[in-house]
Each structure stands twice: as structure tokens, then as C-alpha cells.
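Student: Below are the C-alpha cells for one structure; questions will follow.
The values are calculated or read from the model by the stated rules, or taken from the named source; none is laboratory data. The structure displayed is predicted, hence computed values, not measured ones. FYI the Cβ positions are ideal-geometry reconstructions off the backbone, even for glycines, and counts take in every protein chain you see. Side chains are part of the model used for accessible areas, which takes the heavy atoms of the whole protein and leaves out ligands, DNA and RNA. Shrake-Rupley method; radii C 1.70, N 1.55, O 1.52, S 1.80 Å.
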Amino acid sequence: TFCVREFADQGLTTRISQCNLSYNRRRGTVRGLHYQAEPAGEAKLIRCIAGAVHQVLVDMRPESATYLRHVAVELNAANRLAVYLPELVAAGIQTLDDDTSLLYQVSEFHTPEAERGVRFDDPAIGISWPLPVTEISAKDAAWPYLERGGPT
């Protein structure tokens, strides 16, 4: 699932500071979009170990050619795919099954003062979530829109 040499050969971050487990009881749950600002920017390797998710990645690096663009992939226990996120790429998921779990290998320690987020429904990003949102935390629902005011 992880090899320092193979990651280094590809120019990817090889440090793992912690591993996190995210359990989501209900289909349709949305988590994110989360990232950490520098100097605590974190690379992540994410895999779904039970159930299935619609995994979204949003480039938050202003100097990047793909700034504010997103990609999505289905991660599930059957396909055994993993996704690597470099620093300053926001992550969000929507569960496609009840009782879904994700395993995150993370390059930096959780740093609350560096936490950043973007609204899951921000029109500046334009994510199409596959299901109606059944659950979202108050914190994730309160992330700011990228443009002042956001939708009315």
C-alpha cells in the first residue's frame, strides 16, 4: 500500500506523520472540502476500506495551472484504488453506501490553526455530487464560498 522508494522515485512526499480512519454511517454523507495551509500543508494517501465514496480533489494552489479545478473518482472496497493528494489540494467525499470507512495516510500532523476548507456546493468549483446530501457537519456547512456572498 505504500513504499518510500516508489513514492520518492515519482517525486511524491514520503513522510507519513499519522494515519486517520473516517467512519461514515449513512449513505449520502458529505465531508469536506478540507486541506491545511502552509507551513502545515499535508499530502494524503486515501483509500476506501469499507463501502464506497465519490472522492473529490480540488486544487487550491494559486500558482497551479489547475487552480480551483477538481477531479472525482470512486473509491470502494472492491476496486481497492487509492488516491494521492499533494499539499494544498482539498479533499471531499460523499458516501455511496452506508457504513463506509476511509483510511488516510497523512504527511503532517493535524494542525487546527492551519485548517482550511471550501464549501462543498461552491459554484466557483461546480462539483456535481451523485446523491442528495443526507448529512454534513455544521463545520463543513459553514466553510466560506470562494467568492463573497456565494449563492443566495
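Student: Just to check your reading of the model, which residue among SER137, SER107, SER128 is more than 19 Å from ILE46 (Cα to Cα), open to solvent by less than 60 Å² (accessible area, probe 1.4 Å), out of contact with any Pro (no Cβ under 8 Å at 6 or more places or on another chain) and hydroxyl-bearing (Ser, Thr, Tyr)?
Tutor: The unique qualifying residue is SER137.
Student: Run down ARG31, ARG27 and say which single residue is part of a strand (DSSP E or B), in contact with an Asp or Glu (Cβ under 8 Å, 6 or more places away or on another chain) and closer than 16 Å to GLU135 by Cα.
Tutor: Values: ARG27 fails: part of a strand (DSSP E or B).
Within the list ARG31, ARG27, the selection yields ARG31.
Student: Right, here's the next one. Looking only at segment 63-95, filter to residues that are part of a loop (DSSP other than H, G, I, E, B) and surrounded by fewer than 13 Cβ atoms within 10 Å (Cβ to Cβ); which one of those is nearest to the chain's Cα centre (by Cα)?
Tutor: Let us first name the residues in segment 63-95 that are part of a loop (DSSP other than H, G, I, E, B), namely 63-69, 77-81, 86-88.
Filter once more, so that each one left must be surrounded by fewer than 13 Cβ atoms within 10 Å (Cβ to Cβ): 63, 65-67, 69, 78-80.
Working: GLU63: 20, ALA65: 19, THR66: 16, TYR67: 15, ARG69: 14, ALA78: 20, ASN79: 18, ARG80: 17 Å.
Out of the qualifying residues, it is ARG69.
Student: Which residue is surrounded by the fewest Cβ atoms within 10 Å (Cβ to Cβ), if the candidates are limited to segment 14-52 and must be within 11 Å of the chain's Cα centre (by Cα), of a type in the set (A, V, I, L, M, F, W, C) and closer than 23 Å to ASP121 by Cβ?
Tutor: So, considering only residues that are within 11 Å of the chain's Cα centre (by Cα), of a type in the set (A, V, I, L, M, F, W, C) and closer than 23 Å to ASP121 by Cβ, the one surrounded by the fewest Cβ atoms within 10 Å (Cβ to Cβ) is ILE46.
Student: If you don't mind, there's one more thing I want to ask. For segment 1-13, enumerate the residues that are surrounded by 17 or more Cβ atoms within 10 Å (Cβ to Cβ) and hydroxyl-bearing (Ser, Thr, Tyr).
Tutor: THR13
Student: A further question follows. Looking for something assigned to a strand (DSSP E or B), small (Gly, Ala, Ser) and farther than 26 Å from LEU146 by Cα - is there at least one such residue anywhere in segment 96-109?
Tutor: yes
Student: Looking at (1) within 15 Å of SER22 (Cβ to Cβ); (2) in a loop (DSSP other than H, G, I, E, B); (3) open to solvent by less than 20 Å² (accessible area, probe 1.4 Å), which one does VAL56 not meet, given that it meets all the others?
Tutor: The number of the failed condition is (2).
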